[in-house]
1. Which percent, nearest 5, of DSSP beta bridges in region 145-339 are antiparallel?
2. With Cβ to Cβ distances under 14 Å as the rule, what net charge do the other residues near Val220 carry (K, R +1; D, E -1)?
3. Enter the Cα centre distance for the pair region 90-147 and region 1-78, rounded to the nearest angstrom.
4. Where the centroid of each part is defined by its Cα atoms, how far is region 344-361 from region 167-197 in Å?
5. Once the piece of chain linking Thr55 and Asp380 is laid out straight, how much longer is it, given 0.36 nm per residue of separation minus the C-alpha distance between them?
6. Can you work out the PRE-style zone for Ile257? Point 7 Å along Cα to Cβ, and I want the residues of region 184-219 with backbone N under 20 Å.
7. Along the charge dipole of region 145-339, pointing to its positive end and built from +1/-1 on Cβ of Lys, Arg, Asp and Glu, which listed residue (Gly267, Phe252, Ala150) has its Cα farthest out?
8. Starting from the Cα-Cα distance between Glu214 and Arg202, subtract it from 0.36 nm times their residue separation and give me the gain in nm to one decimal.
Amino acid sequence: MGKALIVGCGGVAGVAIHKCCQNSEVFEEICIASRTKSKCDALKAQLEGGKTKITTAQVDADNVEEMVALIEAFKPDVVLNLALPYQDLSIMDACLATGTHYVDTANYEPTDTAKFEYKWQWAYRERFEKAGITALLGSGFDPGVTGVFAAYALKHHFDEIHYIDILDCNGGDHGYPFATNFNPEINIREVTSKGRYWEEGRWVETEPMAIKREYDFEGVGKKDMYLLYHEELESLALNVPGLKRIRFFMTFGQSYITHLKCLENVGMTSIEPIEFEGKQIIPLQFLKAVLPDPASLGPRTKGKTNIGCIFQGLKDGKPKTYYIYNICDHQECYKEVGSQAISYTTGVPAMIGAMLVMQGLWQKPGVYNVEEFDPDPFMDALNKWGLPWQESFSPELVD
Ligand SMILES: NC(=O)c1ccc[n+]([C@@H]2O[C@H](COP(=O)([O-])OP(=O)(O)OC[C@H]3O[C@@H](n4cnc5c(N)ncnc54)[C@H](OP(=O)(O)O)[C@@H]3O)[C@@H](O)[C@H]2O)c1
């Protein structure tokens, strides 16, 4: 079918690249390009020999000219951005300059402010429309599958959705007192930010981790979960008509919270540069350097994730409740692709988003979030490519 350029070669990219190679009818050729080329070469050596042709390249994705030169040389049908959120805009600029479709899993963040907002990427809408190319934003699990679940619920189960609660539970245990399951810098920036949810047309802000609930997750059991701001709240609040409230909860164990509080209290999670031995360093980046690499957690992590959405609304004039979720086993993921479930649940939908864009099923000129496309082919692909979903019509609700 075609060619994809995959930018980044970390935890999520590793899974997406495994999945592209399993799906060689669509991904006939891929180029893995990242800052550290040796990681791309190591993955190529591991996966070579199948039907997908793999090449590798070194690229600084912050540099638009370098990205343009790489795209012009490789001529991909789509660029799948699995580097960090900081690179989103430079990669989108390179896609515009070369007329190439774009897919990512996380919204742009400036390096100096921890702020999750789509405004920077939505500002590219007209330019992508004029160039006749598609930018698909947030094709991971959350954001990503959660938005597809919302579109699917709206298409097949509701006339109006009034309440959405997104529940993200990681019941995995890696045996370390403190480690993050994906890029520590991005993860800690997310959980130390203020909580925020959307209700009756306005944002309600809370102190970080101020709202706590307990929930009994299928496949995992009872867990404490905390209200966080998460980027899909912004797009879903706009794209689900008639919505009255949307919230996002994530589970954290007591050890994680205690360590995080301590690190925060001593200033280690700060993104303000400080002077250290004549050099400017950013405490959070230093912390990242001393924490376990998320990629190394794969062989140690046991247990399951359960991520999904509870919808409440109306169907044929009657109140209806619907819960749709995926349960994913850390060790099964490790057996299949050599990584834990957090990277797996993001890498699989990233491959699916790129596939649907390449196949033309999810193509329309402009910049779109996942819930703005027909959810059905994505939902079928989740079942086929390793993230089967389940549904319940009488779930426990979150107060
Ligand atoms: N939507 C979701 O559900 C979800 C969930 C988890 C993560 N994510 C997103 O997925 C993305 C990847 O996360 P991850 O956990 O895989 O992170 P990661 O393991 O840190 O990998 C990031 C990769 O990007 C590369 N990179 C960083 N800056 C670069 C640059 N300027 N030029 C070229 N390559 C660069 C890194 O290169 P080096 O190897 O040289 O460091 C690394 O290979 C992030 O944007 C994250 O926010 C989304």
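Values in this text are rule-based calculations from the coordinates and carry no lab data. In this text the structure is predicted, and so the values were computed from the model without any measurement. Note that each Cβ is placed from the backbone with ideal geometry, even for glycine, and that neighbours are counted across all protein chains shown.
1. Around 90 percent antiparallel, to the nearest 5.
2. My count for the surroundings of Val220 gives -4.
3. Taking the Cα centre of region 1-78 as reference, the centre of region 90-147 is 19 Å away.
4. Rounded to whole Å, the Cα centres lie 24 Å apart.
5. 114.1 nm
6. 187-197, 205-218
7. Ala150
8. 1.8 nm is the gain from fully extending Glu214 to Arg202.
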